[in-house]
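Quick notes on the structure that follows.
The values are calculated or read from the model by the stated rules, or taken from the named source; none is laboratory data. These figures come from a predicted structure and were not determined experimentally. Reconstructed Cβ throughout: ideal geometry from the backbone, glycine too, with neighbour counts over all protein chains shown.
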Amino acid sequence: MSRATLLVLAVGRFPAGGHAHSGGAEAAVAAGRVRDAAGLERFCRGRLHTSGLTAAALAAAAAARCDPLLLDEAADARTPSPALRQVARTLGRQLLRAARAVWPCAELDDLATARPRGAHQPVVLGVAARAAGLSPYDVACVAAYESVSGPASATVRLLSLDPFDATAVLARLAADLDHVARRAAEAAGRVQADGVAALPAASAPLLDITAEQHATRPARLFAS
């Protein structure tokens, strides 16, 4: 496995559409829950240990050769917000398009055929990572990092936050990121024996509620 490949998948310039999404940060800023770097850190830590953990485990399980269609159903069950389900599939469709161009393989083609409207982004991420030769733990790291890097980047734009402060938030979350990735990979390793019930289903009800509210806003900078 090449560490450079891991960086290609994780870098923000990978054309997967994430730049158009704030991961709930825009709604949190609008509600006054995120006003500065300290608020951003609280938001990111909460997101990492809930929806971030769930996404990382789904991605790790897909990389561990679990059935992606079964995992896609599990992702649906773990995403109660219709708006967030749509976002996950939109991002999954864009990621799948990019991954098929970079790491063409039959598994990615089969997933595109089976889910023409898009599979959940973490599931696509896991299959793409496997095609790229990455391990379940590697892709768990990518998914966990994505769960906080997107909101951090969006908040820089939303609040004119100093980019150095936003990057410092991500650096302070490094130990949490490692912990979440390990938990996700360990859970993925139990799926073959215990089924998808072995995967975390950590919830973030406020993210679900605000996602539905955000989807109806007439003026917004980010799609989610």
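Listing for the model above:
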| read-out | value |
| --- | --- |
| Among (1) within 15 Å of the chain's Cα centre (by Cα); (2) outside any loop (DSSP other than H, G, I, E, B); (3) not polar (S, T, N, Q) - the single one His214 does not satisfy | (1) |
| Those residues of region 132-165 which are of a type in the set (Gly, Ala, Ser) and closer than 24 Å to Ala202 by Cβ, in sequence order | Ser135, Ala140, Ala143, Ala144, Ser147, Ser149, Gly150, Ala152, Ser153, Ala154 |
| Odd one out for Arg89 among (1) over 13 Å from the mean Cα position of the chain (by Cα); (2) at pLDDT 95 or above; (3) among the charged types (D, E, K, R) | (1) |
| Given (1) surrounded by 19 or more Cβ atoms within 10 Å (Cβ to Cβ); (2) part of a helix (DSSP H, G or I), number of the condition Ala175 does not satisfy | (1) |
| Any hit, region 36-53, residues being among the aromatic types (Phe, Trp, Tyr) and under 15 Å from Leu206 (Cα atoms) | yes |
| Sole residue being within 18 Å of Gly92 (Cα to Cα), in contact with a Phe, Trp or Tyr (Cβ under 8 Å, 6 or more places away or on another chain) and at pLDDT 95 or above, chosen from Ala143, Ala114, Ala154, Ala128 | Ala128 |
| Subset of region 58-86 [in a loop (DSSP other than H, G, I, E, B), within 14 Å of the chain's Cα centre (by Cα) and of a type in the set (Lys, Arg)] | Arg78 |
| Region 129-171: number of residues that are of a type in the set (D, E, K, R) and under 14 Å from Ala62 (Cβ atoms) | 2 |
| Condition check for Ala187: under 18 Å from Val11 (Cα atoms) and crowded, with 22+ Cβ neighbours inside 10 Å | no |
| Long-range neighbours under 8 Å by Cβ, at least six apart or interchain, first residue under 17 Å from Thr79 (Cα atoms) and free of Cβ contacts under 8 Å to residues at least 60 places away in the same chain within region 211-224, second aromatic (Phe, Trp, Tyr) and surrounded by 12 or more Cβ atoms within 10 Å (Cβ to Cβ) | none |
| The listed residue being over 13 Å from Leu9 (Cβ atoms) and either more than 14 Å from the chain's Cα centre (by Cα) or of a type in the set (A, V, I, L, M, F, W, C) (or both), out of Val127, Val148, Val102 | Val148 |
| Contacts under 7 angstrom Cβ, first residue in region 113-141 being without any contact (Cβ under 8 Å) to a residue 60 or more places away in the chain, partner of a type in the set (Ser, Thr, Tyr) and surrounded by fewer than 24 Cβ atoms within 10 Å (Cβ to Cβ), 6 or more apart | Gly118/Thr90 |
| Single condition Thr5 does not satisfy, out of (1) under 19 Å from Ala168 (Cβ atoms); (2) crowded, with 16+ Cβ neighbours inside 10 Å; (3) out of contact with any helix residue (DSSP H, G or I) (no Cβ under 8 Å at 6 or more places or on another chain) | (1) |
| Selection status of Thr54, closer than 23 Å to Leu177 by Cα and either outside any helix (DSSP H, G or I) or touching a Phe, Trp or Tyr at 6+ places or on another chain (Cβ under 9 Å) (or both) | no |
| Subset tally (residues that are on the phi < 0 side of the Ramachandran plot and not in a helix (DSSP H, G or I)) for region 108-137 | 8 |
